[in-house]
Amino acid sequence: RFSVYVKSGETLLVLSGKNTLLRALCSHLNDTDELYGTVSLNGVPLPKYNQSWRRMCAYVSADDGTHSPVLTVGETFEFAAQCIARDNVTQQEIDDRVNFVLEGLGLSHVKDTVVGDENLRGVSGGQKRRVTVGEMLMSTTSRVLCLDNITDGLASTDSF
């Protein structure tokens with residue numbers, strides 16, 4: 001059992017027991033997760049499953065196996081951006097967002113490399129993890145980013 005209070009503009013790092021906590025904070029609870037108590041935003045309790053809060057709170061799973069291995073890194077980001085884009089977003093705005101996130105995550109040099117999997121050689125493990133994060137960063141409405149076990153299995157050089 002725990003209580004957490006985070007002020008606007010602060011960063012919170014949770015080092016243990018984080019899986020269910022992060023899913024609760026982002027309204028991404030599984031059927032097997034149990035939530036006792038409430039999650040509040042500015043003192044207002046949020047329902048267990050709140051779609052409007054989910055749009056503002058990106059949850060990045062530790063699982064990198066959900067990518068299409070045949071898409072390039074750039075195509076993966078573009079697809080993610082198109083899936084969540086509003087109707088009035090132009091292709092130029094999507095391209096700008098993709099390039100901004102590629103640059104920010106240090107992935108510009110592998111933009112045209114396939115993501116890959118165990119059957120298709122693609123980007124490295126550290127780069128694939130950053131692709132996972134980048135997909136969630138395609139949203140312009142996310143205000144909270146919860147990264148679940150984001151550095152597990154990575155060498156320290158890949159965990160920057």
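The values are calculated or read from the model by the stated rules, or taken from the named source; none is laboratory data. Since the structure is predicted, the reported quantities are computational estimates derived from the model, not experimental observations. A quick note on method: Cβ atoms are made from the backbone with ideal geometry, for glycine too, and the neighbour counts reach across all protein chains shown. In case anyone asks, the SASA skips ligands and DNA or RNA and just uses the protein heavy atoms, side chains included. Shrake-Rupley method; radii C 1.70, N 1.55, O 1.52, S 1.80 Å.
To the nearest ten degrees, helix 91-104 and the longest principal axis of the Cα atoms of the chain are 80 degrees apart. Residues considered: Leu13, Leu145, Leu105. Largest GNM mean-square fluctuation over the chain, using C-alpha springs under 10 Å, is found at Leu13. Computed from label points 7 Å out along Cα-Cβ, the spacing between Tyr36 and Thr66 is 2.9 nm. Absence of a disulfide-compatible partner, taken as no other cysteine beta carbon within less than 4.7 angstrom, is noted in the chain for Cys83, Cys146. Normalised radius of gyration (Cα atoms, divided by 2.2 N^0.38 Å) for the stretch 1-139: 1.19. Secondary-structure-derived ellipticity at 222 nm for the chain, considering helices only, amounts to -10000 deg cm²/dmol, per-run term -39500 (n - 2.57) for DSSP H runs with n ≥ 4. Counting only DSSP beta bridges whose two residues both lie in the chain, roughly 50 percent are antiparallel. Were the residues from Val4 through Thr113 laid out at 0.36 nm apart, the gain over their Cα-Cα distance would be 35.1 nm. Ligands, DNA and RNA are left out, and with a 1.4 angstrom probe the accessible area of the chain is 65 Å² per residue. For the stretch 10-72, averaging the sequence separation of C-alpha pairs within contact (under 8 Å, six or more residues apart) and dividing by the residue count gives a relative contact order of 32 percent. The share of accessible area on the chain that comes from carbon and sulfur is 51 percent, using a 1.4 angstrom probe.
Specify whether the C-alpha gyration tensor of the stretch 26-90 places it in the rounded, prolate or oblate class, a ≥ b ≥ c being the square roots of the eigenvalues: rounded for a/c under 1.5, otherwise prolate if a/b is larger than b/c and oblate if not. It is oblate, given that a/c is not under 1.5 and a/b is not larger than b/c.
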